[in-house]
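Chemist: Sharing a structure below in structure tokens format, with a few things to ask.
The values are calculated or read from the model by the stated rules, or taken from the named source; none is laboratory data. Computed from a predicted structure; not experimentally measured. In this analysis, Cβ positions are derived from the backbone assuming ideal geometry, glycine residues included, and neighbour counts consider all displayed protein chains. Areas reflect the complete protein model, heavy atoms only, side chains present, ligands, DNA and RNA absent. Shrake-Rupley method; radii C 1.70, N 1.55, O 1.52, S 1.80 Å.
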Amino acid sequence: MSELALTRLADYQPPDFTTLSHVLRVVLDDGEAEIHHQQRFVRQGASNAALVLDGEALTVQSLAIDGVALESTAWQYDGKQLIITDVPDAFALKSVVHVDADGNKELSGLYRSNGIYCTQCEAQGFRRISFALDRPDVLATYDVRIEADQARCPVLLSNGDLIDQGMLDNGRHYAHWHDPHPKPSYLFAVVAGDLAEAQRSVTTPHGNELDLCIYTEAAFIEQTDFAMDSLVHAIEWDETRFDLDYDLTRFNIVAISDFNMGAMENKSLNVFNTRFVLGDTATATDQDFQGIESVIGHEYFHNWTGNRITCRDWFQLSLKEGLTVFRDQEFSADRGEAALERIANVNMLRRVQFAEDAGPLAHPVQPQAYAAIDNFYTATVYEKGAEIIRMYHTIIGEEAFQAGMRLYVQRHDGQAVRIEDFAACMSEASGFPFDGDFFRWYTHQGTPRVVFSSHYDEASRCLTLRAEQQTEKVKPQAALVIPVVFSLLNKAGEVYRFSDEAASDLWVLEEAVEERVIHDIDGEWLPVWLHGFSAPIYYDYGYQHADLAHIVAHADDGFARVEAMQTLYRRLFNAAYQQDEATYQTLISATSAVMGNALASDARSAGEKALLLSIPATASLINALATPWDMDAVLGAEIRLRHDLSSMLAEQADAYLQQDDTSTDSAYSAADAQIRQLRAVLLAHLAEADSGQWRARFTGAYEQARNMSERMAALHALNVRHDAAREAALADFAERFADYPLVLDKYYALQASAKDEGALARINALSEREGFVISNPNRFRALVGAFAQNLTLFHAPDGSGYRFVIGQIRRIVTLNPQLAARMLNTFAVAAQLDSSRQGLMTGELNSLLEVDGISTDVREVIERILGGL
Ligand code: BES
Ligand code: ZN
């Protein structure tokens, strides 16, 4: 590989100095900032160590130690580090630097978005605002005074409590904030601008009186009610389920249009992408509402899991992210139907994380080395990290898990710790050794596979279950601790009762091969493996097709039912892919019968029916195929499977849709969302089956839509073919929502997922039109991100799809390297493709490397992808 400098976990050293306090004066004027910064340092390491501070894109105006200006010979700044030799053991450093907020399009550090100054410091953005020990194990208090023009920036916000505010000369004013909780620099935030405010005062279940504020541009402020409700629910939930209370009296959220990520948990001043705050029924789908609730929860929950207890170094990122994703998943599960939430999480895990773990970007949840930390905010650190937390919970149960959490908080509050410290608390609280073999889940990459089998012995009335771990994909190879929750189902559809009357049991695998014998048991029982997807693994068991249908009908775990259905879809897809006609024909009728029964069932919720009737994303179906993938066969199989299944379901789907729609349209509700989701899935089946007869129906559904969910369902149906009906609806949609950027993103994404021959030309034209602001990450992701998920166009055999995506990335690659690097992840599939497509991808990636001023982030991703070929 190359000259990229790697940071390694093994090289961790505590800092030579620590910072006790920061006093900042942030002077904002006309897109620029002057940062007056006083910080107190104390030496912790060697007596001769120089002070080395991080600093990027800063223009130094002055430096002084203990009030004495530094000679220019006393310090060096190379644009990355400020080195001051000869400093005392305890001292105050005063620096004044200049920062160009308007010139900052990277959206890291201090920048301006639609006239609003804001900051993004995680992971290494603080150094783009001022000099500091910009690492998470240096915790200090922050005292921040912001000054700006009162008319342009009436609202001035930072972390902690507002202790003073007032007027200055020349129409300027100031606000003075103090955060009493020591924190690392990545949690620092400043926001200033002409923001409207939504405010709510609440008394929590524990009796805390809190002021909650949401800020955004005035034009959007009416769309913040749902986010405010979500925040209230999140605060209540963390008190009742985790016994964790908020630790200040005011909590602020700011919603910003230009934001690289979804949201950021800055202490008491969360900054959000507008996408995860704004929403009413006219502009947001039910899925958008669910996203808002979960992200608001996630960032709020970080207050304990991340802020009060933070990471020693960035290799510990999953300590806060994995745990907080687990917490937000549990929050959503408790707010809606738990099994459905779990299925949605697992679908995403398989589509994104399993794919990542199988390719050149695979890495352990606790990585060993990185060039750019921003590249390690991955599905593995987040989603697999959350799965590991879920395994602790599954193995020891809610009560012991909460005891472990209490110990973790009590022991480590105010500290920057390692994943090992969390594991140790869970071990101590439960008696289960998570620091031992279990810990390999963090240090090994790859998705393990378990092969299950069973044998019933008539004579001894014993059922023997066997589990064999196949660790060849896990590096380095080793058996893992794998919790398997399972049940047994008989031919009559009854569930076996274990000795404690439980309907399911927990089997914790610890060896490469294990057997478990169930004595004195009648007849033949069918094991139903991995209730709730109790471990993030691939697994096999020789189910007959009919067994799967039986599980869909009778298992007492919602996840297991949908899983069995998905296995049927996967088998059908494989048969189509391999052109195994006999299997395909047997399976197609079996599968469509199961679909029909599911739709007709009285026993299943509408939400579960929607999932049972959803064919898994092709991106997750292909993961299990042998490589190299035959992409043309993949796309052919996808089309055939969808068309055949939808055609067989169409009549029943149509009849169902003709019945009364019982969903209401007052506000978002989980129950109504389920009904709409099912109706949308059925409409999509009609669209796949359609030979023209239902186009008018889709147009009607579009015109009569009562809310954005219905509108999008109709547009998705219309989007399946390119005709006048589609064009008319899309044109109407773009015009109707011309003033709603977040809705226009839906428009761009719809356009980018069309599959007809003229689609690429239209998408290209959209990327050039004026309203498409490429520097806005939401716009970019809507068009280019959706295109990269459009397998048909992206993998076009002539390379036009790859060329389009790289061409768009080239437009932002030096402007916003973080976003460019993220977008490049879609090229990680190169290793699994045929040599022709691999060659085309390689050519495009190499051409991007030629661009002048390419960043470390981008270089690291490209080199890892090319290195994996
Ligand atoms: N701490 C992150 C935000 C972040 C990520 C900042 C990477 C800087 C670099 C935040 O808590 C987060 O995880 N946000 C997620 C959404 C969440 C619900 C998983 C995001 O922004 O995608
Ligand atoms: Zn997070």
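Chemist: Among the strands (runs of 3 or more DSSP E) lying completely within region 478-590, list those that include at least 2 residues that are within 30 Å of the chain's Cα centre (by Cα) and closer than 21 Å to residue 391 by Cβ.
Modeler: 482-489, 505-509, 538-540
Chemist: Moving on to the next point. In region 290-306, which residue that is open to solvent by 10 Å² or more (accessible area, probe 1.4 Å) and more than 10 Å from ligand 1 (Cβ to nearest atom) is nearest to residue 676 (Cα to Cα)?
Modeler: This residue is 290.
Chemist: For region 505-525: of the residues being in contact with a Cys (Cβ under 8 Å, 6 or more places away or on another chain) and either open to solvent by less than 50 Å² (accessible area, probe 1.4 Å) or not assigned by TED's automatic domain parsing to the domain that holds residue 467 (or both), which is farthest from residue 535 (Cα to Cα)?
Modeler: 521
Chemist: Residue 145 - would you say it is open to solvent by 30 Å² or more (accessible area, probe 1.4 Å) and over 20 Å from residue 414 (Cβ atoms)? Full working, then the answer.
Modeler: Working: open to solvent by 30 Å² or more (accessible area, probe 1.4 Å): yes; over 20 Å from residue 414 (Cβ atoms): yes.
Here the answer is yes, as residue 145 does meet what is asked.
Chemist: Go through (1) outside the structural domain of residue 511 (by TED's automatic domain parsing); (2) in contact with a strand residue (DSSP E or B) (Cβ under 7 Å, 6 or more places away or on another chain) for residue 432 and report which single condition fails.
Modeler: (2)
Chemist: Within region 218-244, can you find the residues that are touching a Ser or Thr at 6+ places or on another chain (Cβ under 8 Å) and open to solvent by 40 Å² or more (accessible area, probe 1.4 Å)?
Modeler: So in region 218-244, the residues touching a Ser or Thr at 6+ places or on another chain (Cβ under 8 Å) come out as 220, 223-224, 235-236, 239.
Residue satisfying the conditions is 236 alone.
Chemist: Can I ask one more? Which condition from (1) within 15 Å of ligand 2 (Cβ to nearest atom); (2) under 10 Å from the mean Cα position of the chain (by Cα); (3) surrounded by fewer than 24 Cβ atoms within 10 Å (Cβ to Cβ) is the one that residue 378 breaks?
Modeler: (3)
Per-residue answers, yes or no, for (1) of a type in the set (Gly, Ala, Ser); (2) within 19 Å of residue 610 (Cβ to Cβ); (3) open to solvent by less than 60 Å² (accessible area, probe 1.4 Å):
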| site | (1), (2), (3) |
| --- | --- |
| 692 | yes, no, yes |
| 709 | yes, yes, yes |
| 715 | no, yes, yes |
| 726 | no, no, yes |
| 729 | yes, no, yes |
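Chemist: Do you know which residues across region 111-122 are away from ligand 2 (no atom under 16 Å from the Cβ) and open to solvent by less than 30 Å² (accessible area, probe 1.4 Å)?
Modeler: 111, 113, 116, 117, 118, 119
Chemist: Counting only residues that are part of a helix (DSSP H, G or I) and touching a residue at least 40 places away in the same chain (Cβ under 8 Å), how many does region 842-862 have?
Modeler: 10
Chemist: Same structure again: Against the conditions (1) in contact (Cβ under 8 Å) with a residue 60 or more places away in the chain; (2) touching a helix residue (DSSP H, G or I) at 6+ places or on another chain (Cβ under 6 Å), where does residue 815 fall short? Just the number, please.
Modeler: Every listed condition holds for residue 815 apart from (2).
Chemist: Further question on the same structure: Within region 852-869, how many residues are exposed (fewer than 14 other Cβ atoms within 10 Å of the Cβ) and on the phi < 0 side of the Ramachandran plot?
Modeler: Residues meeting the conditions: 2.
Chemist: So is residue 107 among the hydrophobic types (A, V, I, L, M, F, W, C) and assigned to a strand (DSSP E or B) or not?
Modeler: Judged against the criteria, residue 107 is not a match.
Chemist: Here's something else I'd like to know. Spot the failing condition for residue 387; the list is (1) within 23 Å of residue 240 (Cα to Cα); (2) in a loop (DSSP other than H, G, I, E, B), and only one is missed.
Modeler: (2)
Chemist: Name the single residue that is surrounded by the fewest Cβ atoms within 10 Å (Cβ to Cβ) among those in region 765-784 being assigned to a helix (DSSP H, G or I) and out of contact with any helix residue (DSSP H, G or I) (no Cβ under 7 Å at 6 or more places or on another chain).
Modeler: So the residue we want is 768.
This table checks each residue for (1) farther than 28 Å from residue 620 by Cβ; (2) out of contact with any helix residue (DSSP H, G or I) (no Cβ under 6 Å at 6 or more places or on another chain); (3) modelled with pLDDT of 95 or more.
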position	(1), (2), (3)
435	yes, no, no
465	no, yes, yes
481	no, no, yes
496	yes, yes, yes
516	yes, yes, yes
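Chemist: Which one is farthest from residue 10 (Cα to Cα), of the residues in region 385-399 that are open to solvent by less than 30 Å² (accessible area, probe 1.4 Å) and more than 13 Å from ligand 1 (Cβ to nearest atom)? Spell out the reasoning first.
Modeler: First pass over region 385-399, keeping only residues open to solvent by less than 30 Å² (accessible area, probe 1.4 Å): 385-389, 391-392, 395, 397.
Restricting the remaining residues to those that are more than 13 Å from ligand 1 (Cβ to nearest atom) gives 387-389, 391-392, 395, 397.
On the way: 387: 25, 388: 23, 389: 24, 391: 27, 392: 26, 395: 30, 397: 33 Å.
The selected residue is 397.
Chemist: Quick check: anything in region 123-130 within 16 Å of ligand 2 (Cβ to nearest atom), open to solvent by less than 10 Å² (accessible area, probe 1.4 Å) and part of a loop (DSSP other than H, G, I, E, B)?
Modeler: Within region 123-130, one or more residues are within 16 Å of ligand 2 (Cβ to nearest atom), open to solvent by less than 10 Å² (accessible area, probe 1.4 Å) and part of a loop (DSSP other than H, G, I, E, B).
Chemist: Take region 821-837 and flag every residue that is closer than 16 Å to residue 625 by Cβ and open to solvent by 30 Å² or more (accessible area, probe 1.4 Å).
Modeler: Selection gives 829, 831, 834.
Chemist: A further question follows. Does any residue of region 624-647 turn out to be polar (S, T, N, Q), within 29 Å of the chain's Cα centre (by Cα) and open to solvent by 30 Å² or more (accessible area, probe 1.4 Å)?
Modeler: The answer is yes; a qualifying residue exists.
Chemist: Among (1) modelled with pLDDT under 95; (2) in a strand (DSSP E or B), where does residue 46 come up short?
Modeler: Looking at each condition in turn, residue 46 falls short on (2).
Chemist: Consider residue 20 against the criteria (1) touching an Asp or Glu at 6+ places or on another chain (Cβ under 6 Å); (2) not in a loop (DSSP other than H, G, I, E, B): it satisfies all of them except one. Which criterion is unmet?
Modeler: (1)
Chemist: Sticking with this structure for a sec: Of the residues in region 182-195, how many are over 28 Å from the mean Cα position of the chain (by Cα) and open to solvent by 10 Å² or more (accessible area, probe 1.4 Å)?
Modeler: Here the count works out to 1.
Chemist: Just to be sure before I move on: is residue 57 in contact (Cβ under 8 Å) with a residue 40 or more places away in the chain, surrounded by fewer than 14 Cβ atoms within 10 Å (Cβ to Cβ) and either of a type in the set (Lys, Arg) or not in a strand (DSSP E or B) (or both) in the structure I sent?
Modeler: Taking the combined requirement at face value, the residue does not satisfy it.
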